[in-house]
Amino acid sequence: NAGVTQTPKFQVLKTGQSMTLQCAQDMNHEYMSWYRQDPGMGLRLIHYSVGAGITDQGEVPNGYNVSRSTTEDFPLRLLSAAPSQTSVYFCASAIGAIYNEQFFGPGTRLTVL
Amino acid sequence: GQQLNQSPQSMFIQEGEDVSMNCTSSSIFNTWLWYKQEPGEGPVLLIALYKAGELTSNGRLTAQFGITRKDSFLNISASIPSDVGIYFCAGHGAGNMLTFGGGTRLMVKP
């Protein structure tokens, strides 16, 4: 199993550009989530999904969209990037019944100029 | 939203020393988890706690779920250089979300 994979590893955007961060897992996990990590602030939940076709907002959802058309994939879209979205983004997945025990991907480091 | 206060923010210790760190919350949590993050990687789950008062070990790591359900502690015994990293606590209260602490950066001097 590859676990949770994220692409790209690094990305630089200009303000106003759009892009999609990819996340995939091969563990048949029902629960998937996106976090952003900023210095000294731990991880903050952006969006999450408890299964295909179901998504919900986390703590900091503004400026981000998600969809969950399959169990395996959970892309995160930035429609119009802003410098405040410069961060490291982590995708995580968990078995539905014990979603607290989340497995994290390696992260995407995003810089918005 | 719920807040987790994690302390200390950083520690610089000598190899072989024991380490203690803790998390406190103004809200009650039903689950406490401890993660470790190494540079350039995502957090990795170390210990999960599901019951108030629970004490759980994973090798040299021991974590406790506070009786009040508002705090948790992580101890590392006889630290080694590979213990270096950032340790995060996380709590689950109501809903489908985890709340993370700000992290404790551990540095070990050989």
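The values are calculated or read from the model by the stated rules, or taken from the named source; none is laboratory data. Bear in mind the structure is a predicted one, so any value in this text is a computation, not a measurement. Cβ coordinates were reconstructed from backbone atoms using ideal geometry, including for glycine residues, and neighbour counts include every protein chain displayed. For the accessible areas, the whole protein counts, side chains as well, though only heavy atoms, and no ligand, DNA or RNA atoms are used. Shrake-Rupley method; radii C 1.70, N 1.55, O 1.52, S 1.80 Å.
Among the numbered criteria (1) within 14 Å of another protein chain (Cβ to nearest Cβ); (2) in contact (Cβ under 8 Å) with a residue 60 or more places away in the chain; (3) not hydrophobic (A, V, I, L, M, F, W, C), which one does A:S80 miss? The single condition A:S80 does not satisfy is (1). Taking the listed residues A:F103, A:F90, the one that is open to solvent by 70 Å² or more (accessible area, probe 1.4 Å) and facing another protein chain (nearest Cβ under 10 Å) is A:F103, with no other qualifying. Checking each residue in region A:16-32 for being of a type in the set (A, V, I, L, M) and open to solvent by 20 Å² or more (accessible area, probe 1.4 Å) picks out A:M19, A:A24, A:M27. Per this entry, B:Y50 is not counted among residues that are of a type in the set (F, W, Y) and crowded, with 20+ Cβ neighbours inside 10 Å.
Regarding region B:58-68, can at least one residue be identified that is under 10 Å from the mean Cα position of the chain (by Cα), of a type in the set (S, T, Y) and closer than 24 Å to A:G3 by Cβ? Scanning region B:58-68, I find no residue that is under 10 Å from the mean Cα position of the chain (by Cα), of a type in the set (S, T, Y) and closer than 24 Å to A:G3 by Cβ, so the answer is no. Residues in region A:33-53 that are among the aliphatic types (A, V, I, L, M) and at pLDDT below 95 were compared, and the one that is surrounded by the fewest Cβ atoms within 10 Å (Cβ to Cβ) is A:M41.
Only one of the numbered conditions (1) facing another protein chain (nearest Cβ under 9 Å); (2) open to solvent by 20 Å² or more (accessible area, probe 1.4 Å); (3) in contact with a Leu (Cβ under 9 Å, 6 or more places away or on another chain); (4) free of Cβ contacts under 8 Å to residues at least 60 places away in the same chain is violated by A:V60, and that is (1). Out of all the residues in region B:35-48, which are closer than 16 Å to B:H92 by Cβ and more than 11 Å from the chain's Cα centre (by Cα)? Residue satisfying the conditions is B:P43 alone.
For region B:90-110, which positions are out of contact with any Ser or Thr (no Cβ under 6 Å at 6 or more places or on another chain), within 14 Å of another protein chain (Cβ to nearest Cβ) and within 14 Å of B:Q6 (Cβ to Cβ)? Those that are out of contact with any Ser or Thr (no Cβ under 6 Å at 6 or more places or on another chain), within 14 Å of another protein chain (Cβ to nearest Cβ) and within 14 Å of B:Q6 (Cβ to Cβ): B:A90, B:L98, B:T99, B:F100, B:G101, B:G102, B:G103, B:T104.
Scanning region B:95-110 for residues that are touching a residue at least 24 places away in the same chain (Cβ under 8 Å) and either at negative phi or in contact with a Leu (Cβ under 6 Å, 6 or more places away or on another chain) (or both) yields B:L98, B:T99, B:F100, B:G101, B:G102, B:T104, B:R105, B:L106, B:M107, B:V108, B:K109, B:P110.
Scanning region B:9-29 for residues that are part of a loop (DSSP other than H, G, I, E, B), surrounded by fewer than 21 Cβ atoms within 10 Å (Cβ to Cβ) and more than 9 Å from chain A (Cβ to nearest Cβ) turns up B:E15, B:G16, B:E17, B:D18, B:S26, B:S27, B:I28.
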